[in-house]
Amino acid sequence: MYQIITSLNDKISVHFDFKVSTRLPIVSTWLLWRKDHIAQPYALRGLSALTAEMVTQGSAHKPYAKFMEELEVMSSSLSAFATHDVFGFRMECLSENFKHTWSLLTECALHPRFATEDWNRVQRDTLEALHLQKDQPHPKLSRMSGDLLFGPQHPYAWPTMGDEESVKNMTLEDIKSHWQDLIQNCEKFVFSAVGDFDPDSFVVSGTDFLKSLNQNAQKNKQKTPLYTVFPTPHPPQDNVRFQVLQRNQTHIRLDVLSLPITHPDHLALSLAARILSGSGGRLYLDLREEKSLAYSLTAWQNSLLNSGFFSAYIATSFEKTQEAFEGLAGHMRRLFSSHPPTQDEVSQAQKSLAGSCAIEHQHYGYQAKQMGLYDIYGLGYDHFSTFLERLYAIDHKRLSVFLQSTFEKSRISVSLVGPENIWRPAQDNPLLNGLA
């Protein structure tokens with residue numbers, strides 16, 4: 001595993017992060033770029049994700065069907081993606097097809113098709129998918145929790161794909177303009193690749209590609225910069241939200257603001273989540289096995305680039321809503337204060353996370369993803385290789401002090417979906433304020 005750093009000019013750096021392995025005849029490649037925060041107009045929320053979908057709908061030289069046919073014949077995969085902080089491409093192929101697959105990526109990025117018929121199809125399919133989500137509990141919970149954590153106008157509160165209103169507002173011209181915006185003023189590109197390939201030739205072809213990509217974007221330079229300083233969250237005063245879902249179930253999600261992925265202690269929150277969740281976790285043993293309150297339950301830490309949140313979830317019978325909420329919130333509060341993790345719990349959670357990590361690291365795609373993301377986030381391309389060292393450096397005393405100090409004055413927000421007349425916690429419910 002090694003890195004080559006070059007530049008396009010005095011303002012744009014390019015990192016090539018490599019791990020050459022001949023164990024499998026496969027190559028997994030990620031291309032990422034960012035600068036500060038990617039701004040999207042509120043009326044066009046989800047624009048980056050739709051732009052990512054459109055940029056791989058063929059090229060100016062190949063219609064979508066022909067483009068996809070070439071990928072399928074080689075058993076190659078190629079896609080673009082967007083978050084609120086990063087834009088990028090993912091590519092995986094057999095080593096013998098690396099040059100051809102790479103040529104398709106460069107072709108669609110340098111000469112995107114952006115055809116009206118493709119946009120009509122992508123927009124229609126996206127709207128249909130969003131419409132189907134209206135009757136699903138998890139998208140409803142996610143949107144309510146985003147509003148409560150960051151405020152409805154904050155980008156971190158928006159669904160990545162936007163919503164029906166914003167997608168209907170978008171035009172093909174918005175997509176074209178946004179694609180140029182994404183490349184302009186970017187200060188750092190990261191290539192990460194794992195597998196059986198020639199890194200030297202990849203550095204040459206990758207650098208040439210980025211020079212052409214940057215030159216294309218500069219021809220149509222926008223007056224308003226796309227990349228802005230990350231906006232400050234402005235959560236609302238209320239911390240309880242509810243939406244009707246006509247099922248005989250209640251779905252409850254609790255959230256509290258936590259730490260970004262760049263914080264040195266964010267891994268401790270993954271340990272805390274593992275102590276709560278899983279078949280041997282506190283939530284499962286008490287709320288499901290002992291009290292029969294849950295169809296499903298879990299906890300997780302979501303570390304974003306500029307913020308993060310710690311969450312817990314339970315699905316229960318509608319008549320057990322209050323008991324399930326009190327059990328879930330009670331466990332979160334006790335973990336952070338009166339009933340901190342024991343060393344046995346920490347050790348078991350560490351083994352579980354280490355095992356999951358070991359399995360994931362068998363995949364070239366996962367390794368390329370970790371190298372690329374950690375590099376673009378400023379943590380270093382080899383940051384993931386220190387995972388076990390950082391994980392086992394946390395003992396129960398350190399974790400307990402960290403959890404209490406981090407969440408001492410935090411408030412819990414709660415999102416619920418279920419039948420119209422279910423019990424709901426009051427805004428001043430004592431379980432929701434002052435965790436420690």
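We did not get these values from a lab; they are worked out from the coordinates using the rules stated. Computed from a predicted model, the values in this text were never measured in an experiment. As a convention, Cβ positions derive from the backbone with ideal geometry for all residues, glycine included, and neighbour counts pool all protein chains shown.
Below, the figures for the structure above:
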read-out	value
Relative contact order (%) - criterion: Cα under 8 Å, at least six apart; region: the stretch 261-403	23 percent
The chain, helix-only ellipticity at 222 nm - DSSP H runs n ≥ 4, -39,500 (n - 2.57), divided by all residues, nearest 500	-13000 deg cm²/dmol
Table column - 3J(HN,Hα) (Hz), the stretch 262-270, Karplus curve with 6.51, -1.76, 1.60, x for Gly and Pro	7, 6, x, 9, 5, 5, 4, 6, 5
Option label - mean projected area of the Cα convex hull in nm² computed here, alternatives (1) 35.7; (2) 18.2; (3) 21.6	(3)
Zone residues, the stretch 230-271, relative to ALA426, backbone N less than 19 Å from point 7 Å out along Cα-to-Cβ	237-242
Over 30 Å between alpha carbons, listed pairs LYS66/LYS211; LYS369/LYS409; LYS176/LYS369	LYS369/LYS409
Estimated inter-spin distance, HIS111 and LYS211, nm [label 7 Å along Cα→Cβ]	1.9 nm
Span from the the stretch 241-267 Cα centroid across to the the stretch 390-429 one, whole angstrom	9 Å
Where labels lie 7 Å past Cα in the beta-carbon direction, separation of VAL204 and GLN218 in nm	2.3 nm
Mean separation of Cα contacts under 8 Å, 6 or more apart, over the residue count of the chain: relative contact order %	20 percent
Whole-angstrom gap from the stretch 176-207 to the stretch 32-65, using each part's C-alpha centre	16 Å
